[in-house]
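J.: Below is one structure. I have some questions about it.
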Amino acid sequence: MIGWHVPEFGKIEKTPHHEPLEGLDSVKIKLTHALITEDDVSLICGEDKSVKTPFIPGRFGVGQISEVAQESAFLKKGDRVFISAVEPCGRCSSCEGGKPDNCYNFNVAGKTVNGFLKDFATTNLSNVFALPKNVKDEDAVYIEYVALALSVIDKLNVKKSTHVAIIGGNVFGSILAQVLIYYQAVPIIIDDDSESLKHAKKSGIYYTAASNSRPEKEVSSITGGRMASNVVYVARSGLNTDLAYKLAAHNAPIVFAGFSYPNLRIPMNIAMAKQLDTFCINNGYGNYLSAINLLANKAVDLSSYSLKKTSMPDLVEAIEKQIVKFNKKEHVDNLLIDLLG
Ligand SMILES: [Zn+2]
């Protein structure tokens, strides 16, 4: 069995890798697809100093059950599944107090434990979620993002017709906006990349604004001068964080959302003047079933974000290109890895 690991930061290479079944709730999965995003590339490049090499990257993975340690009523050999990237530690005071959602030491795939850039994964049944037939692998790799969007919405005050400014129009920004529309809110996506805004429009998001041409004016006109009563800043958007605070109405919650943590600065003067609440959300734990249901119900349209597959022989070269781009601070595209090809 094989994996691709990071022997030292900035490098990726193929390596033998084997994970045996452990315990009665253990399940083995033949991985079929993995998604590598800028979040993964930032970890490969050593941005997060808490990460230790060597490790197998890849936060997003789907596959098919190949072996179960013990028969389960819910999952059996051959089932297509999504594998949760985060697992509560089971040892911190939140976990021991029966609140694993608030665990402050989550095991995270591709970060604190090995990720999904490998042919087989072994995990606990509780981390595995069956995929309905109409949710294809190419969409299922985004379940982490849909779950993150749901965690973000939990922090916002979203009612019917509530305006939510989303700073960052990448695929996560678009997914969040689509889920907000499903809940009858009114998202406004702001980005400096016209292609991203075009994709968002195509995915059914009505309001978009260019970050480089007076977005305050645009948001003011959309909201009738009230500005956005909720704001989400996409952590890897690369946009100026001041925007999030300028577009916010007084007393609005501002949520920073993402799986990795670029060192961002907050304009405290604006936050103080408007008495804004800042929250941070870095995972979608607890929302996977709802996320899968949203995809099954076609509440999220990912057709504008379909990716060309990268096969295993091309994987190292493709990720090396991403590493070069990340180090040059250029935009890093998502890579859909075909772990069968
Ligand atoms: Zn914990």
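J.: Suppose accessible area is computed on protein heavy atoms with a 1.4 Å probe; arrange Glu317, Glu330, Glu47, Glu38 from highest to lowest.
T.: Glu317, Glu330, Glu47, Glu38
J.: How large is ³J(HN,Hα) for each residue in segment 55-69, as worked out from phi by the Karplus curve 6.51 cos²θ - 1.76 cosθ + 1.60 (θ = phi - 60°), to whole Hz, x for Gly and Pro?
T.: Running phi through 6.51 cos²θ - 1.76 cosθ + 1.60 with θ = phi - 60° gives 8, 8, x, x, 8, 10, x, 10, x, 9, 5, 10, 7, 10, 5 Hz.
J.: If you don't mind, there's one more thing I want to ask. Give, rounded to the nearest 20 debye, the magnitude of the charge dipole that segment 145-281 has about its Cα centre when Lys and Arg contribute +1 at Cβ and Asp and Glu contribute -1 at Cβ.
T.: 260 debye
J.: At 222 nm, what helix-only mean residue ellipticity would the chain give, in deg cm²/dmol to the nearest 500, using -39500 (n - 2.57) for each DSSP H run of four or more?
T.: Value at 222 nm, helices only: -7500 deg cm²/dmol.
J.: Turning to a different aspect of this structure: Please report the base-10 log of the normalised intensity I(q)/I(0) for segment 145-281, using a Debye sum with one equal scatterer per alpha carbon and no solvent, at each q in 0.09, 0.11, 0.12 (1/Å).
T.: -0.21, -0.31, -0.38
J.: Using a 1.4 angstrom probe on heavy atoms only, work out the carbon and sulfur share of the accessible area of segment 145-281 in %. Present the calculation step by step, with values, prior to reporting the outcome.
T.: Working: 2900 of 6050 Å².
Carbon with sulfur: 48 percent of the solvent-accessible area.
J.: Quick check for you: with a 1.4 Å probe and neighbouring chains kept, what is the accessible area per residue of segment 145-281, in Å²?
T.: Using a 1.4 Å probe on heavy atoms only, each residue of segment 145-281 averages 44 Å².
J.: Separate question: Are any of the pairs Lys28/Lys325; Lys198/Lys309; Lys11/Lys111; Lys155/Lys246 more than 24 Å apart by Cα-Cα distance, and if so, which?
T.: Lys28/Lys325
J.: So what J values fall out for segment 283-294 if you push phi through Karplus, 6.51 cos²θ - 1.76 cosθ + 1.60 with θ = phi - 60°, rounded to Hz, Gly and Pro as x?
T.: 7, x, 3, x, 10, 5, 5, 4, 5, 5, 4, 4
J.: Net charge near Asp39, counting Lys/Arg +1 and Asp/Glu -1 over other residues with Cβ under 15 Å of its Cβ?
T.: Counting the neighbours of Asp39, the net charge comes to -2.
J.: Right, next: Please figure out what share of the DSSP beta bridges in the chain is antiparallel and state it in percent, rounded to the nearest 5.
T.: Counting only bridges with both partners in the chain, antiparallel ones make up about 55 percent.
J.: With a 10 Å cut-off between alpha carbons and a GNM built on the chain, which of His250, His331, His199 moves the most?
T.: Most flexible of the set in this elastic network: His331.
J.: How would you rank 128-135, 265-272, highest first, on the average number of other Cβ atoms within 10 Å across their residues?
T.: Top to bottom by mean Cβ count within 10 Å: 128-135, 265-272.
J.: Please get the size of the charge dipole for the chain, origin at its Cα centre, with Cβ charges of +1 on Lys and Arg and -1 on Asp and Glu, quoted in debye to the nearest 20.
T.: 760 debye
J.: Whole number please: convex hull volume per residue, Cα atoms of the chain, in Å³.
T.: Hull volume normalised by residue count: 138 Å³.
J.: List the aspartates and glutamates whose Cα sits under 13 Å from the Cα of Lys133, skipping any in the same chain fewer than 8 residues away.
T.: Asp79
The values are calculated or read from the model by the stated rules, or taken from the named source; none is laboratory data. Remember, predicted model here, so these are calculated numbers, not experimental data. As a convention, Cβ positions derive from the backbone with ideal geometry for all residues, glycine included, and neighbour counts pool all protein chains shown. Note: areas computed on protein heavy atoms with side chains; ligands, DNA, RNA excluded. Shrake-Rupley method; radii C 1.70, N 1.55, O 1.52, S 1.80 Å.
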